[in-house]
């Protein structure tokens with residue numbers, strides 16, 4: 001087991017950086033590109049392990065993909081154009097997004113396709129996907145717990161469905177949208193608010209989709225079996241990756257940071273809205289629209305005197321991947337911060353609410369925890385001189401990166417196990433920290 005040991009805080013900095021391409025859009029561009037007809041050119045594709053798993057999986061299904069001069073070239077074979085062979089097994093690694101969205105594209109598979117994943121992904125719930133895809137006509141062979149590994153066998157007689165997505169899961173919604181691509185007629189979705197990258201992608205490609213935005217739900221109608229041409233796509237920087245450097249800057253001394261060309265899609269900026277309510281002053285500069293998504297530069301500088309928050313539940317789904325780093329900021333705020341209805345956090349790579357409470361308590365922060373909520377009693381004067389061990393966290397990449405940021409901001413001696421866990425989503429994480437000025 002490879003560990004990382006951090007014994008000192010980061011020094012003040014004034015830097016401009018870029019982060020990896022957005023992971024959600026990287027996976028979607030590959031999967032949607034596989035259904036197009038022709039050669040797609042995708043720029044700034046993330047090179048994380050989740051994306052490499054996606055590429056390997058698509059190659060097993062007969063999709064040609066290669067890189068040249070930093071650009072990803074993907075040869076799409078049209079709708080349901082996969083080359084199905086007998087006894088196909090696709091390893092999704094740690095990527096729930098890839099595994100769940102791919103299942104949507106396999107509803108017409110003429111042979112059984114087996115989907116596997118690592119130990120972390122294999123513990124996660126898949127019946128939220130198998131249930132709606134079964135309504136299209138797909139058949140599944142699963143364990144009693146309806147998790148990985150599983151097999152999917154499609155049908156020639158797919159039929160459109162009416163689907164109610166009640167969890168605020170963009171993965172569930174997107175899987176159904178991708179299944180609708182290969183389905184005759186009109187599929188209707190009532191979806192609790194969540195990331196809308198798949199819908200925007202469909203609009204960018206002029207695929208028939210209609211969206212009515214209501215207060216708590218979006219009503220989506222998708223017409224299927226419409227062939228579409230290949231596309232060129234530029235992937236912006238990942239907001240979830242930026243979150244770590246934003247909090248690092250806020251909690252460091254006399255520091256400034258600009259992050260260029262970041263995805264500032266409103267369904268991805270719940271993190272910014274939450275921390276700004278806590279007193280942070282994070283700014284968007286140079287806003288523009290590319291390939292249907294909003295981009296901008298982020299500017300942030302060191303601050304003090306953050307205030308506690310009673311976090312609005314309506315912001316949860318738009319910040320679900322950033323709550324661990326939000327909890328770190330809350331540990332330095334004045335007062336008691338309250339976060340509710342976060343049961344989805346316990347269905348990620350690790351039970352993140354429980355893991356967060358363990359680490360915060362090791363830091364000396366008072367915490368009250370329930371199955372779906374957490375209260376954090378902040379201490380603006382929090383600094384550390386003791387040793388903290390971070391282990392037994394299921395190699396959750398966000399736990400690792402949050403722990404590194406905590407060590408660099410708060411001091412003490414941190415021993416963090418499973419050093420390479422961050423590579424599943426953010427392979428340049430440590431390299432960027434070294435560019436900012438920290439020497440590991």
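Going through the stretch 229-253 one residue at a time, which ones are buried (at least 19 other Cβ atoms within 10 Å of the Cβ), over 18 Å from residue 23 (Cα atoms) and out of contact with any strand residue (DSSP E or B) (no Cβ under 7 Å at 6 or more places or on another chain)? Correct list: 247, 248, 251, 252. Counting only residues that are in contact with a helix residue (DSSP H, G or I) (Cβ under 9 Å, 6 or more places away or on another chain) and either assigned to a strand (DSSP E or B) or under 19 Å from residue 88 (Cβ atoms) (or both), the stretch 119-153 holds 12 of them. Per the conditions (1) within 19 Å of residue 120 (Cβ to Cβ); (2) crowded, with 20+ Cβ neighbours inside 10 Å, the sole criterion not satisfied by residue 405 is (1). Restricting 393, 377 to those that are buried (at least 21 other Cβ atoms within 10 Å of the Cβ) and in contact (Cβ under 8 Å) with a residue 12 or more places away in the chain reduces the list to 393. Here's a check for you: in the stretch 44-86, which residue that is part of a loop (DSSP other than H, G, I, E, B) and free of Cβ contacts under 8 Å to residues at least 24 places away in the same chain is farthest from residue 33 (Cα to Cα)? So, considering only residues that are part of a loop (DSSP other than H, G, I, E, B) and free of Cβ contacts under 8 Å to residues at least 24 places away in the same chain, the one farthest from residue 33 (Cα to Cα) is 69. The condition of being surrounded by fewer than 24 Cβ atoms within 10 Å (Cβ to Cβ), closer than 29 Å to residue 345 by Cβ and either outside the structural domain of residue 426 (by TED's automatic domain parsing) or touching a strand residue (DSSP E or B) at 6+ places or on another chain (Cβ under 7 Å) (or both) holds for residue 145.
Is it the case that the stretch 298-309 has a residue that's under 20 Å from the mean Cα position of the chain (by Cα) and either surrounded by fewer than 18 Cβ atoms within 10 Å (Cβ to Cβ) or outside the structural domain of residue 147 (by TED's automatic domain parsing) (or both)? The answer is yes; a qualifying residue exists.
Just to be sure I understand, how many residues within the stretch 154-178 are farther than 20 Å from residue 189 by Cβ and touching a helix residue (DSSP H, G or I) at 6+ places or on another chain (Cβ under 7 Å)? Counting residues in the stretch 154-178 that are farther than 20 Å from residue 189 by Cβ and touching a helix residue (DSSP H, G or I) at 6+ places or on another chain (Cβ under 7 Å) gives 0. Just one of the numbered conditions (1) surrounded by fewer than 18 Cβ atoms within 10 Å (Cβ to Cβ); (2) part of a loop (DSSP other than H, G, I, E, B) is not true of residue 41: (2).
The criterion of at least 1 residues that are outside the structural domain of residue 50 (by TED's automatic domain parsing) and closer than 30 Å to residue 166 by Cα is met, among strands (runs of 3 or more DSSP E) falling completely within the stretch 337-440, by 366-369, 374-378. Name the residues in the stretch 127-164 that are at pLDDT 95 or above and at positive phi, would you? 137, the sole residue that qualifies.
If only residues of the stretch 355-371 that are touching a helix residue (DSSP H, G or I) at 6+ places or on another chain (Cβ under 8 Å) and at pLDDT 95 or above are counted, the one that is farthest from residue 318 (Cα to Cα) is 363. Just one of the numbered conditions (1) in contact with a helix residue (DSSP H, G or I) (Cβ under 8 Å, 6 or more places away or on another chain); (2) surrounded by 17 or more Cβ atoms within 10 Å (Cβ to Cβ); (3) touching a residue at least 24 places away in the same chain (Cβ under 8 Å); (4) outside any strand (DSSP E or B) is not true of residue 200: (1).
Set side by side, the residues 57, 62, 33 differ, and just one is farther than 20 Å from residue 400 by Cβ, at pLDDT 95 or above and surrounded by fewer than 20 Cβ atoms within 10 Å (Cβ to Cβ), which is 62. A residue that is over 29 Å from residue 8 (Cα atoms), touching a helix residue (DSSP H, G or I) at 6+ places or on another chain (Cβ under 8 Å) and assigned to a loop (DSSP other than H, G, I, E, B) cannot be found anywhere in the stretch 249-262. Residue pairs, Cβ under 9 Å, 6 or more apart or interchain, first in the stretch 263-275 and assigned by TED's automatic domain parsing to the domain that holds residue 201, second in a loop (DSSP other than H, G, I, E, B) and surrounded by fewer than 24 Cβ atoms within 10 Å (Cβ to Cβ). List them. Going by the 9 Å Cβ cut-off, there are no qualifying pairs.
The values are calculated or read from the model by the stated rules, or taken from the named source; none is laboratory data. This one's a predicted model, so the numbers in the text were calculated from it and none came from an experiment. Cβ coordinates were reconstructed from backbone atoms using ideal geometry, including for glycine residues, and neighbour counts include every protein chain displayed.
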